[in-house]
1. Starting from the eigenvalues of the Cα gyration tensor, five times each then square-rooted, give me the equivalent ellipsoid semi-axes of segment 15-109, largest first, whole Å.
2. How large is the translational diffusion coefficient of segment 84-201 in µm² per second when you combine the Kirkwood radius over alpha carbon pairs with Stokes-Einstein at 10 °C and 1.306 mPa s?
3. Give the carbon-plus-sulfur fraction of the accessible surface of the chain in %, rounded to a whole number; probe 1.4 Å, heavy atoms of protein chains only.
4. Per residue of segment 249-261, in order, report the coupling 6.51 cos²θ - 1.76 cosθ + 1.60 (Karplus, θ = phi - 60°) as ³J(HN,Hα) in whole Hz, putting x for Gly and Pro.
5. Report the Stokes-Einstein translational diffusion coefficient (µm² s⁻¹, integer) for segment 165-235, Rh taken as the Kirkwood radius over Cα pairs, at 25 °C with viscosity 0.890 mPa s.
6. Roll a 1.4 Å probe over the protein heavy atoms and report the accessible area of K74 in Å², nearest 10.
7. Between M158 and M224, what is the label-to-label distance in nm when each label sits 7 Å out along the Cα-to-Cβ direction?
8. Report the local net charge at A150: Lys and Arg +1, Asp and Glu -1, summed over other residues whose C-beta lies under 13 Å from its C-beta.
Amino acid sequence: MHDDLVAAFDLSDRVAVITGAASGIGRATAVTLAQAGASVVLADVNADGMGDTGGELEELGASWSAVPTDVSDKAAVDALVAGAVSRHGRLDIMVNNAGIITDSLIVDTTPDQLDRVMNVNLKGVYWGTAAAGRAMAEQRSGSIVNLSSAGADMPAPMISVYALTKAAVKMITRTAAVEMAPIRVNAVAPGSIETPIYDRHFRGEDGRVDPERQRNHFDTIAQMNPLGFVGHPNDIAYAVLYLCSDAGRFVTGQTLRPNGGVVMPL
Ligand SMILES: NC(=O)c1ccc[n+]([C@@H]2O[C@H](COP(=O)([O-])OP(=O)(O)OC[C@H]3O[C@@H](n4cnc5c(N)ncnc54)[C@H](O)[C@@H]3O)[C@@H](O)[C@H]2O)c1
């Protein structure tokens, strides 16, 4: 146990893999963990976006690398983790953040929609947890953080597929926490955070984001939680930092909910 607050959050000499690190919450998490001293390995299907995240890490003088990875592919996830261990000699933190969403009523959902979202959100987290758990077992230490969602606890029309995968993430997390201790495994379930995941709602016919529709959308969803604002990606990155640093050393199998109070499960 640290007496010093800064030491409790310090990630110097730790190695972190972050999936979905080309955008939004994944990018903010990569930057935050690097600010805390970690070497970060970015993983995403979007190589250009990872390059932009890398630019921010470069400015910090952080140690970083980027590995194009489709998290729904078990072999690719195994190779991602093996590569991080071979490059750095260890893996301390795995953030299974990559995620996608689809909008459809249950009665209209196609097999392709179900498969696509389950492959990324559910299998991606499952294979990421498995690969990290194997790598961390030899060290008998490490922290895995999986991204769930407030949507897992709030039945809402159109997002059945997304919500069921995010509910599954909480169960994968709890089972892994029991199986893998002393490795700690936790979930973070954000409320609405301003990231490109919402762009689908305000793209015009030319494919461009309409800033006015974007502003109106976020103003509307801000009113859905008691705090009355939409979160910033750092609101989630700081929760991840808590869970994967020594500050969170007594926390495992839990779901942390930075969500503005939009849902308050017992
Ligand atoms: N933004 C929110 O309001 C919110 C709320 C709750 C939960 N979440 C969750 O947080 C996580 C990050 O979301 P975000 O808002 O930053 O979204 P985002 O769209 O900005 O980023 C998601 C990233 O995942 C990557 N990705 C997609 N499919 C992938 C695959 N097969 N393999 C590897 N990478 C892949 C994308 O390229 C993208 O860089 C997701 O799991 C999301 O469900 C977000």
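1. Working from the Cα gyration tensor, I get semi-axes of 25, 16, 11 Å.
2. Translational diffusion coefficient: 105 µm²/s.
3. 55
4. Per-residue couplings from phi come out as 5, 9, 10, 8, x, 9, 10, 8, 10, x, 9, x, x Hz.
5. The estimated diffusion coefficient comes to 167 µm²/s.
6. 80
7. Result for the modelled spin labels: 0.9 nm.
8. Local net charge: +1.
The values are calculated or read from the model by the stated rules, or taken from the named source; none is laboratory data. As the structure is a prediction and not an experimental result, all values here were calculated from the model. All Cβ positions, glycine included, derive from the backbone under ideal geometry; neighbour counts span all protein chains shown. For accessibility, only protein heavy atoms count, side chains too; no ligands or nucleic acids. Shrake-Rupley method; radii C 1.70, N 1.55, O 1.52, S 1.80 Å.
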